[in-house]
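Peer 1: Can you keep this structure in mind? I'll have questions shortly.
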């Protein structure tokens, strides 16, 4: 399963994050498949820059945004990217 989440960069007490696509079971700072953008919480207001088309592409392939990233996307980008795709139930016959 794929996950879209934040990868911490920056130095001590100066956090900076990259938005990346990774395998869900990998460590926070391990290798990633693709970098989708950046998040800088130290700027006022905090700045999130993401490639919307690539985020939508990975979500359509089944990648799930982390809880933190989903919240950031809702605040800074748009709600339709942050919502996971609904799975239609097929009635048993």
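Every number here is computed from the coordinates shown, using simple stated rules; none is lab data. Small disclaimer: the values here were computed from a predicted structure and weren't measured. We place every Cβ from the backbone using ideal geometry, glycine too, and count neighbours over all the protein chains shown.
Peer 1: Apply 1/(1 + (r/R0)^6) to the Cβ-Cβ distance of residue 66 and residue 14, taking R0 = 22 Å, and write down the FRET efficiency to the nearest 0.05.
Peer 2: So, using R0 = 22 Å, E works out to roughly 0.55.
Peer 1: Sticking with this structure for a sec: Work out the FRET efficiency for residue 57 and residue 25 from their Cβ-Cβ distance, taking R0 = 22 Å, and round it to the nearest 0.05. If you can, show how the numbers build up before the last one.
Peer 2: On the way: r = 22 Å, r/R0 = 0.98.
So the FRET efficiency works out to roughly 0.50.
Peer 1: Could you give the C-alpha radius of gyration of region 2-82 expressed as a fraction of 2.2 N^0.38 Å, taking N as the number of residues it contains? Working shown, then result.
Peer 2: Numbers: Rg = 12.0 Å, N = 81, 2.2 N^0.38 = 11.7 Å.
Working it through for region 2-82, the quotient is 1.03.
Peer 1: May I pose another question? Highest mean first, how do 48-54, 18-24 rank when packing is the count of other Cβ atoms within 10 Å averaged over residues? Provide the component values of the computation, followed by the final result.
Peer 2: Values: 48-54: 14.9, 18-24: 18.3.
Highest-to-lowest ranking by the protection proxy: 18-24, 48-54.
Peer 1: How high is the relative contact order of region 2-82, in percent, counting Cα pairs under 8 Å that sit 6 or more residues apart? Intermediate results must be reported in sequence, preceding the final value.
Peer 2: Numbers: 131 pairs, mean separation 21.8, N = 81.
Averaging sequence separation for qualifying contacts and normalising by length gives 27 percent for region 2-82.
Peer 1: Of the peptides 25-31, 6-12, how do they stack up when ordered by the mean number of other Cβ atoms within 10 Å, highest first? Before the final figure, lay out the partial values.
Peer 2: Values: 25-31: 10.3, 6-12: 12.6.
Those peptides, ordered most packed to least, come out 6-12, 25-31.
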